[in-house]
Every structure is written in structure tokens, then in C-alpha cells.
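Enquirer: My questions all concern the structure below.
Every number in this text was worked out from the coordinates using simple rules, so none of it is lab data. Keep in mind that this is a model prediction, so the values were computed, not measured. As a convention, Cβ positions derive from the backbone with ideal geometry for all residues, glycine included, and neighbour counts pool all protein chains shown.
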Amino acid sequence: MLPLLLDPAKFQDALVTARGEERAHVALRALETLWFNTGTLCNLTCANCYIESSPRNDRLAYLSAAEVRAYLDEIERDRHATRLIGFTGGEPFMNRELSAMLEDVLSRGLQAMVLTNAMKPMQRMKPALLGLLARHGKRLTLRVSVDHYGKTLHEKERGARSWKPTVDGLVWLAENGFDVHVAGRRFSDESEAEVRAGYARLFAELGVAIDAQSPVSLVLFPEMDAKVDVPEITTACWGILKKSPDSVMCASARMVVKRKGAQRPAVVACTLLPYEPQFELGHTLGESVGAVRLNHPHCAKFCVLGGAACSQ
């Protein structure tokens with residue numbers, strides 16, 4: 001059965017839905033997690049990358065360590081409740097200043113998480129990673145993208161010959177004592193229990209101590225397609241769904257990006273919407289504290305209905 005295409009009348013007005021109902025919005029409860037998109041360049045071109053990362057996509061330029069430092073200084077100065085700094089891309093390890101960024105974050109006593117495919121760009125930085133581990137221990141987490149527990153479906157998403165380098169990188173991280181998590185996708189017809197059981201078998205075969213039943217150690221993200229129909233979220237939905245706005249990612253997180261050709265970075269509402277102008281909230285963290293209107297299919301499918309969050 002073909003998926004239903006998104007009704008073109010939906011997600012057009014930031015304040016009201018296509019039915020004229022008040023659109024849901026989410027206030028920033030506290031800035032607990034700050035993400036940095038280190039740049040959209042990646043060593044892979046995945047089939048369904050929400051940010052369209054590839055070896056050629058540089059729509060988001062590389063951030064510098066100095067630009068990251070300015071936001072870390074702002075966190076300290078304004079006493080934000082930030083405890084986790086996340087790095088995503090593209091492939092973050094393609095940014096040559098990543099190790100300096102991580103040193104800055106960890107030396108301030110913050111937690112750091114890097115989302116990586118664990119392939120050649122990360123493996124080139126093994127000495128730097130071992131140094132960070134020696135100095136800062138388990139405050140550094142590496143979340144490795146393994147889209148399925150089986151090679152065939154993983155490579156269907158990530159491309160031929162992508163399985164072995166990723167698995168080798170995952171095993172190296174685990175054997176050297178890093179705090180390692182895995183991110184998978186719910187894009188097969190299997191139930192979540194079946195998927196987690198499959199990852200448990202994989203982790204046992206590899207000899208890596210990752211708990212496949214933990215939603216933190218193994219994060220399973222829903223598939224997203226902005227062209228597929230999804231309900232709009234209204235203010236009434238919170239009660240209907242018995243869900244609090246505080247549970248949605250933009251209640252506790254923001255992301256910093258630098259657009260190609262821009263003079264300075266900008267702060268956007270979340271990791272899922274780096275290109276949408278309506279979700280750009282300013283250049284500083286102070287300017288980004290306003291409420292976010294859930295005016296995009298990803299808001300509904302990933303966050304509200306999917307119950308997912310990148311910082312899990």
C-alpha cells in the first residue's frame with residue numbers, strides 16, 4: 001500500500017492548523033541539552049538522511065572551536081541548566097576541530113555525546129579519543145549509528161561496504177572502555193521487541209556490553225518523511241494524548257548551526273529542523289528561549305506521536 005501524501009493545507013500557519021484549531025506550542029522549560037551541528041558534510045550518502053548529509057552537502061558549514069566556546073561561555077555566564085552537549089552532523093569527526101571542542105566541553109565538567117557512524121573519520125581520531133577518555137572518562141559518550149542489527153538492511157540504508165567499518169569502530173570503542181550507545185531505526189516490519197532482540201544477539205556476537213533493552217543505550221528512532229500524512233498537533237492534543245509539552249525535545253534542548261556563507265552561527269529549535277527559517281530563534285542562547293510552534297510534520301511524527309528525543 002502506498003503511503004498517503006501530506007495534505008498541502010497542513011502545516012501552513014504557525015498559529016492555527018488546517019482545521020482552524022490552535023496549534024500546539026512548547027515553552028523552553030530549561031536548556032538541559034545543547035546540540036552543535038558541526039557541519040553537514042559526511043563520508044556517507046544515506047538513503048533517508050533527514051538532513052541530507054553527504055560528501056557534497058555543505059549547506060551547514062563547519063563550526064569552529066572558538067564558535068562553540070562562545071556558547072559554552074554563555075551557558076556559564078547566564079547559568080543555564082545545561083548538562084549535556086551533543087555533537088551531530090553530517091559526520092562530526094570530519095570536522096578537524098572536534099577534539100578541541102570536546103576538550104573544552106569536558107574540561108568544564110559537562111557531559112558530551114557524539115553521534116557518529118564510527119567509520120574512517122572517527123578512526124583517524126583514535127589517539128585524540130583515547131586522550132579524552134584518559135582525562136575525562138565516562139563523561140564522553142559515543143552514539144554509533146547502526147541502522148539495523150542485520151548487515152543487509154543496514155547497508156540498504158547506508159550503502160555497500162558500510163557495515164564492517166561501523167561494526168569495527170563500535171567494537172574498538174567498547175574494547176577501549178568508552179561509554180558506547182547505539183542508534184537504530186524502526187524501518188522494518190518487525191515489532192520493537194523483535195528489533196531489540198536482534199540487536200541483543202548482535203551485541204552478544206560482537207562481545208560488546210550494550211543493553212539492547214535500554215531505551216538510552218539503544219535508541220530506536222522512527223522513520224521520518226515530511227511528505228507522508230501525519231496529524232497536526234493542537235493544544236487539545238496534550239490532554240487527548242495524556243502527554244505533557246515538557247516531554248517534547250524543544251522543551252529542554254536547542255541546536256547551533258552555521259549556514260554556508262553566514263557570518264555567525266544561529267540557534268534553531270531542534271536537531272530535526274536545521275534548514276527551516278521559521279525554527280531559527282536567534283544568534284544567542286538568550287534569544288532562543290521563546291516558545292516553539294509545532295508547525296512541521298517532524299514535530300508530530302518524531303516528537304509528539306513518536307515519543308523520540310535525540311538526547312535520550
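Enquirer: So, by mean Cβ neighbours within 10 angstrom, what's the order for 145-153, 123-131 with the highest one leading?
Expert: Highest-to-lowest ranking by the protection proxy: 145-153, 123-131.
Enquirer: Go through K258/K301; K120/K243; K138/K301; K164/K243 and tell me which ones have a Cα-Cα distance over 30 Å in this structure.
Expert: In this structure, K120/K243; K138/K301; K164/K243 exceed 30 Å between Cα atoms.
Enquirer: Here is a further query. Calculate, in nm to one decimal, what L130 and A18 gain on full extension: separation in residues at 0.36 nm each, minus their alpha carbon distance.
Expert: Residue separation times 0.36 nm, minus the Cα-Cα distance, leaves 35.1 nm.
Enquirer: Still on this model: Enter the Cα centre distance for the pair the range 73-148 and the range 219-271, rounded to the nearest angstrom.
Expert: Result: 22 Å between the Cα centres.
Enquirer: With +1 on the Cβ of every Lys and Arg and -1 on the Cβ of every Asp and Glu, and nothing else charged, how large is the dipole of the range 108-254 about its Cα centre, in debye rounded to the nearest 20?
Expert: Here the range 108-254 has a charge dipole of around 760 debye.
Enquirer: Given R₀ = 41 Å, what would the calculated FRET efficiency be for E76 paired with V228, taking r from the Cβ atoms and rounding to 0.05?
Expert: Computed FRET efficiency for E76 and V228 comes out at 0.45.
Enquirer: Which cross-chain or sequence-distant (5 or more) residues have an amide H under 5 Å from the amide H of T234, H modelled 1.01 Å from N in plane?
Expert: A24
Enquirer: Give the long-range amide H neighbours of L60: residues separated by 5 or more places, or on another chain, with amide H under 5 Å away, using H modelled in the peptide plane at 1.01 Å from N.
Expert: T40, K260
Enquirer: Can I ask one more? Can you work out the FRET efficiency for the pair Q123 and N48, with r the C-beta to C-beta distance and R0 = 41 Å, to the nearest 0.05?
Expert: Working from the Cβ atoms, E equals 0.95.
Enquirer: Sort M101, M94, M224 so that the residue with the fewest other Cβ atoms within 10 Å of its own Cβ comes first and the one with the most comes last.
Expert: Ascending Cβ contact count within 10 Å gives the list M224, M94, M101.
Enquirer: Antiparallel versus total DSSP beta bridges in the chain: what percent is that, nearest 5?
Expert: 30 percent
Enquirer: Return a whole-number percent for the relative contact order of the chain, with Cα pairs under 8 Å and 6 or more residues apart as the contact set.
Expert: Dividing the mean separation by the residue count of the chain yields 25 percent.
Enquirer: Which residue, S107, S252, S217, tops the fluctuation ranking in a GNM of the chain built on C-alpha contacts under 10 Å?
Expert: S107
Enquirer: Give the long-range amide H neighbours of V16: residues separated by 5 or more places, or on another chain, with amide H under 5 Å away, using H modelled in the peptide plane at 1.01 Å from N.
Expert: Counting only residues 5 or more places away or on other chains, the set is R23.
Enquirer: Same structure again: How much length is gained if the chain between A204 and A160 is pulled fully straight, taking 0.36 nm per residue apart and subtracting their Cα-Cα distance, in nm to one decimal?
Expert: Length difference between fully extended and current span is 13.4 nm.
Enquirer: Could I ask something else about it? Counting pairwise Cα distances across the range 148-256, what percent come out greater than 24 angstrom?
Expert: Result: 40 percent of Cα pairs exceed 24 Å.
Enquirer: Sum -39500 (n - 2.57) across every DSSP H segment of at least 4 residues in the chain, then divide by the residue count to get the 222 nm mean residue ellipticity, nearest 500.
Expert: Using -39500 (n - 2.57) per qualifying helix, the result is -7500 deg cm²/dmol.
Enquirer: Label 7 Å along Cα→Cβ of A27; the range 223-261 residues with amide nitrogen under 11 Å?
Expert: Under cut-off, by backbone N: 246.
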